[in-house]
Amino acid sequence: MLQYAAIVLIMLGLYGLLTQRNIIKIIISLNILEIGVNLFIVSVGFVTDGIAPIFTSVNNSSNLLFVDPLPQALVLTAIVIGVGTTALGLALAKNIYQKYGTFDINEMGEE
Amino acid sequence: MSAILLIVVPLLTAFISILFKKAAPYMLLIVSFASVVALGYMPLEVITIGGFNAPYGINLILDSYSLIGLYIVNSLFFLVVALNCVKYKKMSTILLVSLAGLNGLLLTGDLFNLFVFIEVSGIAAYLITTTNKKPLATFNYLVAGTVGSSLYLLGLIILYAMFGTLNMADMANEIAISGASASATAFPFLLMFIGLGVEAKLLPLNSWTKGILGSSNKLTGPIIAAVYAAAIGFVFGRLITDLFLINISEVLEIVIIIIVIASIVAGEAMAFSSKKVRDILLFSSIAQAGLVVLVFFYGFVGWGVFLIIANAAGKFILFVVANHASDELGTDEVSSLQGLFVNNKVVGVAFTVASLSAMGMPLFLGFVVKMNILGDLFSEGNLLIPGIILVTSLVEGIYFVRLLIKLWYKEDNLPEVKYDFTLKYVVVVLALLLMVFGVYTAPIENEADNLNTISFVEGGDL
């Protein structure tokens, strides 16, 4: 079920990227897209009735049903990268605003 | 010496260079030169990171394929840096990060690690392009690049869910063993192809290219059009031959071939109709990117590699010369650059050699590569693709010759552009190399045959 939610978010992000003409809204759409992808990654590792993939003094048998830890590690990296891109995008948005005095691409009079 | 130093040292120096801002350009120069030299002392090997053997851990593969890629990317990177480190001091830290990212792209044998390096080198590229002073174009590049790499990530996660591995070679094995139908893997492959296609400038995905390269300067032009293009070309080659061709559906094959041919045809047509030097060069590099992917797609690894090298060296010369002129004159209209080479004969000859090589004239490296590719395609009984390559080469020839005539001949009112000694030296040496290997073809043909036999078995073929 989670996969469907993730795909809806990805599509929503793409729709926003294609329709919005405001720099800040484009960055938000980009974030929605990234969250969708991240959610999808986490959902791939989900196992019904699985427990957290940590060996403890209580859970120390390899027969236990763990969820897949790898997607969680991947999503951590992907989130960090996403934050970096967003920060850079916002810095560029500030530059664009200083240069054109607007966030709207239509009003900038440039391709 | 371990190849991991190629990633670690630039990254570490990047952090240190933040503390010593004054010394940063020298650090950049030393590190980028040292990477080229150090390549000679690196044995071909597979490096396991963190003690986890592949396929569980990440491994870096230094085989003869990635070694050639590292040589060309690192040497061109050093040349770009040597020409620009005085003028663009502020970019030193970012250039160090991008060097680490590019080396990582070429070395990694892991799909997710590849995504990380795409993003590292991508973010560095966005920052480098801010020196164009066109924030909107850079923003477009950022959005296109981020969407592309998100799609790549989505594709690789679907593959992970299907086959349970992220190691490239292990993934190829798993796909072959599992007997999954070609249509099952077509969707993730398509997503990954789109993701890389954004960076490689393939046609429907390259809306950022004109904004970035059309207003490029002496730093961004050569680094995006030559260095990054070469690195992404090598990544494409690795992924296509290692992964996509293992299990490709007919529909996806048709889609990819249409995309690639559209890039070639439209790129050459746009270059033909452009009136600005940088536009001509950037559209021609779109066409060349398409050709590179096409060659890999037909499995000619060796000639694909040399096509990338010929393109990268040629585009380096063309963009350095054109960008220097447009930086000085503030315009790059062909009409206002007319007669540029009358007083700059040395640079003019190098520019001419590079453009003749790009269009595939005999005596230059481009000719050797194109002729062998055409020969291989013909001997496979393929007539459509060679026909398209020949026609587009003719178009390429027309617009390059037209450009050269404009740049060489004019009586009075010559544009005043001074080229410094370093730049002249660099472009002349590269042009000489293009000529030498265009005549003395034996080592190239040997190496190409050698590369053709590489099979990307687990951990690379050493």
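Scan the stretch B:108-118 and tell me whether some residue there is within 21 Å of A:Ile24 (Cβ to Cβ) and crowded, with 24+ Cβ neighbours inside 10 Å.
no
Criterion first (over 28 Å from B:Tyr71 (Cα atoms) and either outside any helix (DSSP H, G or I) or more than 14 Å from chain A (Cβ to nearest Cβ) (or both)) does B:Ser216 satisfy it?
Against the criterion (over 28 Å from B:Tyr71 (Cα atoms) and either outside any helix (DSSP H, G or I) or more than 14 Å from chain A (Cβ to nearest Cβ) (or both)), B:Ser216 does not qualify.
If you check B:Ala125 against the conditions, is it buried (at least 22 other Cβ atoms within 10 Å of the Cβ), within 19 Å of B:Ala231 (Cβ to Cβ) and modelled with pLDDT of 90 or more?
Yes.
Sort out which residues of the stretch B:173-217 are closer than 22 Å to B:Glu268 by Cβ, in contact with a Gly (Cβ under 9 Å, 6 or more places away or on another chain) and charged (D, E, K, R), and write them in order of number.
Scanning the stretch B:173-217 gives B:Glu199, B:Lys201.
Which count do you get for residues in the stretch B:359-376 that are buried (at least 24 other Cβ atoms within 10 Å of the Cβ) and over 18 Å from B:Ile264 (Cα atoms)?
The qualifying residues number 3.
Is it true that A:Val80 is of a type outside the set (Phe, Trp, Tyr), under 24 Å from B:Leu111 (Cβ atoms), under 17 Å from the mean Cα position of the chain (by Cα) and at pLDDT 85 or above?
The answer is yes for A:Val80.
Go through the stretch B:55-135 and tell me which helices (runs of 4 or more DSSP H), entirely inside it, have 2 or more residues that are within 14 Å of chain A (Cβ to nearest Cβ).
The qualifying helices (runs of 4 or more DSSP H) are B:92-107, B:111-129.
Restrict the check to the stretch B:401-422 and report whether at least one residue is surrounded by 13 or more Cβ atoms within 10 Å (Cβ to Cβ), under 22 Å from the mean Cα position of the chain (by Cα) and in a helix (DSSP H, G or I).
Among the residues of the stretch B:401-422, not one is surrounded by 13 or more Cβ atoms within 10 Å (Cβ to Cβ), under 22 Å from the mean Cα position of the chain (by Cα) and in a helix (DSSP H, G or I), which makes the answer no.
Which number in (1) within 11 Å of chain B (Cβ to nearest Cβ); (2) touching an Asp or Glu at 6+ places or on another chain (Cβ under 8 Å); (3) not β-branched (Val, Ile, Thr) marks the one condition that A:Leu65 misses?
Result: A:Leu65 passes all but (1).
Report the residue count in the stretch A:68-85 for those that are among the polar types (S, T, N, Q) and either within 11 Å of chain B (Cβ to nearest Cβ) or part of a loop (DSSP other than H, G, I, E, B) (or both).
Total meeting the criteria: 2.
The values are calculated or read from the model by the stated rules, or taken from the named source; none is laboratory data. As the structure is a computational prediction, the values presented were derived from the model and not from experiment. Don't worry about glycine lacking a Cβ; one is built from the backbone with ideal geometry, like all the others, and counts go over all protein chains shown.
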